[in-house]
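A short write-up of the structure that comes next.
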Amino acid sequence: MLHRKNGEEQPYWPAGPFKIRLPFVHYRWEFAEMVQALIMFVVSLAMIPLLEQYLGVPYDVALAYVVICGIGFMLPALLGVPLVPGWITPGIPVVLLFLGDYEPGAEAIQAMFALSLTLLLTGYICLMVGLEQLENNTERGIAGTMGVVLAVYGAGWGLATGAILYLLIERTHLIGFTPDPEAPGAEKAEKND
């Protein structure tokens, strides 16, 4: 197993923009990660009956879907990308309700594909409209930070993060902070007051 020197980056195999790290080669097996992987495995397998019922696919095809999805979940960690993928669990009941109107089989699979494309397009349009509303890099930074916190920790934390950053950066006078008049950007803060 490759070992890193104290304070240096974990060893990896370079692959273009990616940093491939394999268990037992670049890092040791951890019990906590094993337990987490087992839980993710069981949750993924729980989707098989839903795929069979709502999409009308046989067991072996549903199992193949889940295995491919599991490989997709592992790829970011193996390639050194700081991303945590997963099922959109709260959306499952709504999606199943939507798919209930379609005959299991090809029609339901096409409906699921169309729903996925619709959500992707809607997300892209919302992102572009939102970015058009932002006037400067400070606002874009706050919005980006909110988006990351929203994706990782949920809506409540995302909203709280945005409100706190907005108060700390844009509306410092509301919390009793007086900026240094010599500091860069102090003129803009005075205009906002």
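The values are calculated or read from the model by the stated rules, or taken from the named source; none is laboratory data. Note that the structure is a prediction, hence the values are computed from the model and not measured. So basically every Cβ, Gly included, is an ideal-geometry build from the backbone, and we count neighbours across all protein chains shown.
Considering the range 58-68, and only residues there that are touching a helix residue (DSSP H, G or I) at 6+ places or on another chain (Cβ under 8 Å) and at pLDDT below 90, the residue that is nearest to GLY105 (Cα to Cα) turns out to be TYR65. Of the numbered criteria (1) assigned by TED's automatic domain parsing to the domain that holds ALA160; (2) part of a loop (DSSP other than H, G, I, E, B), the one VAL81 fails is (1). Being exposed (fewer than 12 other Cβ atoms within 10 Å of the Cβ), assigned to a helix (DSSP H, G or I) and out of contact with any Asp or Glu (no Cβ under 8 Å at 6 or more places or on another chain) is a property that PRO76 lacks.
One residue alone among GLY154, GLY158 is surrounded by 11 or more Cβ atoms within 10 Å (Cβ to Cβ), on the phi > 0 side of the Ramachandran plot, at pLDDT below 85 and under 17 Å from the mean Cα position of the chain (by Cα), and that residue is GLY154.
Inside the range 11-64, residues that are more than 24 Å from the chain's Cα centre (by Cα) and of a type in the set (S, T, N, Q) make up a count of 1.
Only one entry in LEU97, LEU174 is aliphatic (A, V, I, L, M), assigned to a helix (DSSP H, G or I), surrounded by fewer than 13 Cβ atoms within 10 Å (Cβ to Cβ) and at pLDDT below 80, namely LEU174.
Among the residues of the range 121-129, at least one is loosely packed, with under 11 Cβ neighbours inside 10 Å, under 15 Å from the mean Cα position of the chain (by Cα) and of a type outside the set (Ser, Thr, Tyr). Is at least one residue of the range 23-38 at pLDDT 80 or above, over 29 Å from VAL149 (Cα atoms) and either touching a helix residue (DSSP H, G or I) at 6+ places or on another chain (Cβ under 9 Å) or surrounded by 14 or more Cβ atoms within 10 Å (Cβ to Cβ) (or both)? No, the range 23-38 contains no residue that is at pLDDT 80 or above, over 29 Å from VAL149 (Cα atoms) and either touching a helix residue (DSSP H, G or I) at 6+ places or on another chain (Cβ under 9 Å) or surrounded by 14 or more Cβ atoms within 10 Å (Cβ to Cβ) (or both).
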